Amino acid sequence: MSDSWKPSTQAVHAGTRRSQYGEVSEAIFLTQGFVYDSAEHAEQRFISSGDDEFIYARYGNPTVKMFEERIAALEGAEDAFATASGMAAVSGALTSMLKAGDHVVSARALFGSCLYVLEDILMRFGVEVTFVDGTNLDEWEAAIREDTRAVFFESISNPTLEVIDIEAVCKLAHAKGALVLIDNVFATPVYSRAFEQGADVVIYSATKHIDGQGRTLGGVILGSREFIRKTVEPYLKHTGGAMSPFTAWVMLKGLETMRLRVQAQTASALGVATALQGHKALAQNIFPGLASHPQNALVQRQMGAGGTVLAIDLKGGKDAAFTFLNAVRIGLISNNLGDAKTIMTHPATTTHQRLSQQQRDLLGITDGLVRISIGLEDEADLIEDFLQALDAVN
Ligand SMILES: *Cc1c(COP(=O)(O)O)cnc(C)c1O
């Protein structure tokens, strides 16, 4: 294993642990426990375990370890902890490091469950949270205080695809000694350079592009060895958000093909977004990779590509959005993203239904907004399908 290997090489080799059988494909160690040679050996393991010694799958497991080491190598992180879902990763990263009285600054535009963790759970346990418009650096600067412990945001927000300047926010946070935690799902590990750009902790819902085929739920927290082993691990191993070894195996195999999938999906997303430009049924056509996106320059600098998700806002509101969704033949109406299958979501009535009208207005989640995660289907087929569905609206 070499640190100088390029991502495509790391993605298929990093973290591999071979058993005595010399298997080519990674083994699934579906075991929650491990046998000790003697009572003395058991005692010793509970004092300190070596790199290849495991105690209990809630603490660690060889297949899970392979996934953690592979994604850490890809992301350029010292260490990683795999979790049962993306939300176990988000909540685990935040609650493991925070205590009552701490102050957190977060972007307002968040995935619904992330908002619940910050606004309901953390606040209930006495953590003060200030929400800002993530695209406005003046608001970040004004909100981050000397006693701010953590700064949290999604590098590209769901579902309106606003892009947050990682480098600039990290500078503001670090000037006050705050740790920066980024939910980096929409950037994907393929386009992420978040650690280079200053992030302290990067979080993924592995359910999305890492699995990429809609099979399993998972998450991962990446950061310094100190943060992962001293802060995250004790919290997660005792509170139970561990990833299952079977899931870790699916995710490991997912990492092998992730780059090819995400690059192809990103190219198609750009093709689709370009083809929909100017359609008369649309009030807005939002894709970070389009030159018309207000933050395209930042996207190109930060990620070098627009990602796999676009959002369209239909002039005719909910009726038009529903007509469009029902007229599409290839894209599925569901709520995952990063999948091999193109998936369309109407946030106002599904993922963001819980929010008040006022909150949705503030976040730009209009009744006409449809989020589209582009899959691996033929780009020309998708374009033809979306255009006929848009025409059906008029
Ligand atoms: C999906 C998602 C999550 C939650 O991930 P799960 O694996 O569903 O728990 C968190 N943040 C973002 C940005 C997401 O898209």
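What does the charge add up to near GLN213, with Lys and Arg as +1, Asp and Glu as -1, over the other residues with Cβ less than 15 Å from its Cβ?
Every neighbour counted, the sum reads +2.
Between GLU377 and GLU43, what is the spin-label point distance in nm, taking each point 7 Å from the Cα along the Cα→C-beta axis?
6.4 nm
Percent of Cα-Cα pairs more than 17 Å apart in region 170-220, please.
That fraction is 40 percent.
Among MET258, MET123, MET344, whose mean-square fluctuation peaks in a Gaussian network model of the chain (Cα, cutoff 10 Å)?
MET123
Round to a whole angstrom and tell me the spacing of the C-alpha centers of region 131-186 and region 64-84.
The distance from the Cα centre of region 131-186 to that of region 64-84 comes to 24 Å.
Loop by DSSP (not H, G, I, E, B), at most 14 other beta-carbon atoms within 10 Å: where is the longest site-free stretch of the chain for chymotrypsin sites (Phe, Trp or Tyr not before Pro)?
The longest such stretch corresponds to 126-394.
For the pair GLN357 and ALA142, how long in nm is the line joining their label points, each one 7 Å along Cα→Cβ?
Distance between label points: 2.8 nm.
What residue among GLY375, GLY254, GLY101 shows peak mean-square fluctuation when the chain is described by a Gaussian network model with Cα springs under 10 Å?
GLY101
Report the relative contact order of the chain, percent, no decimals, based on alpha-carbon pairs under 8 angstrom and at least 6 residues apart.
This gives 16 percent for the chain.
About its Cα centre, what dipole magnitude does region 258-393 give when the only charges are +1 on Lys and Arg Cβ and -1 on Asp and Glu Cβ, stated in debye to the nearest 20?
440 debye
List the residue ranges in the chain for DSSP H helices whose C-alpha atoms run 24 angstrom or more along the long axis and whose Kyte-Doolittle average is -0.5 or above.
The answer, listed by residue number, is 245-276.
Out of SER48, VAL90, PHE34, whose Cα points farthest toward the positive end of the dipole of region 26-181 (charges: +1 Lys, Arg; -1 Asp, Glu; placed on Cβ)?
VAL90
What is the total of Lys pairs in region 7-254 with C-alpha atoms under 23 Å apart, excluding same-chain pairs fewer than 8 positions apart?
Counting lysine pairs in region 7-254 gives 9.
With the chain treated as a Gaussian network of Cα nodes joined by springs under 10 Å, which of ASP102, ASP37, ASP319 yields the largest mean-square fluctuation?
ASP37
Antiparallel as a % of all DSSP beta bridges within the chain, to the nearest 5?
Antiparallel bridges make up about 55 percent of those DSSP assigns within the chain.
Cut-off under 18 Å on the C-alpha distance; same-chain residues fewer than 8 positions from LYS280 excluded. Which lysines are left, in chain and number order?
Qualifying lysines at Cα under 18 Å: LYS315, LYS318.
Given the Cα-Cα distance of THR257 and GLU78 and 0.36 nm per residue of separation, how much length would full extension add, in nm?
62.2 nm
Looking at region 297-386, what % of its DSSP beta bridges pair antiparallel, to the nearest 5?
About 80 percent, rounded to the nearest 5.
Calculated FRET efficiency, ILE333 and HIS174, Cβ-Cβ r, R0 56 Å, to nearest 0.05?
0.85
Rounded to two decimals, what ratio of Rg to Rh does region 258-393 give with C-alpha atoms and a Kirkwood Rh?
Reported Rg/Rh, Kirkwood definition of Rh: 0.95.
For the pair SER4 and TYR116, what calculated FRET efficiency results from E = 1/(1 + (r/R0)^6), where r is the Cβ-Cβ distance and R0 = 56 Å, to the nearest 0.05?
E(calc), rounded to 0.05, equals 0.85.
Could you work out the relative contact order of region 258-393? I mean the mean sequence separation of Cα pairs under 8 Å and 6+ apart, divided by the number of residues, in percent.
30 percent
The numbers here are math on the coordinates, done by the rules we state, and not lab data. All values reported here derive from a predicted model rather than from experimental measurement. Please note: Cβ atoms are built from the backbone with ideal geometry, for glycine as well, and neighbour counts cover all protein chains shown.
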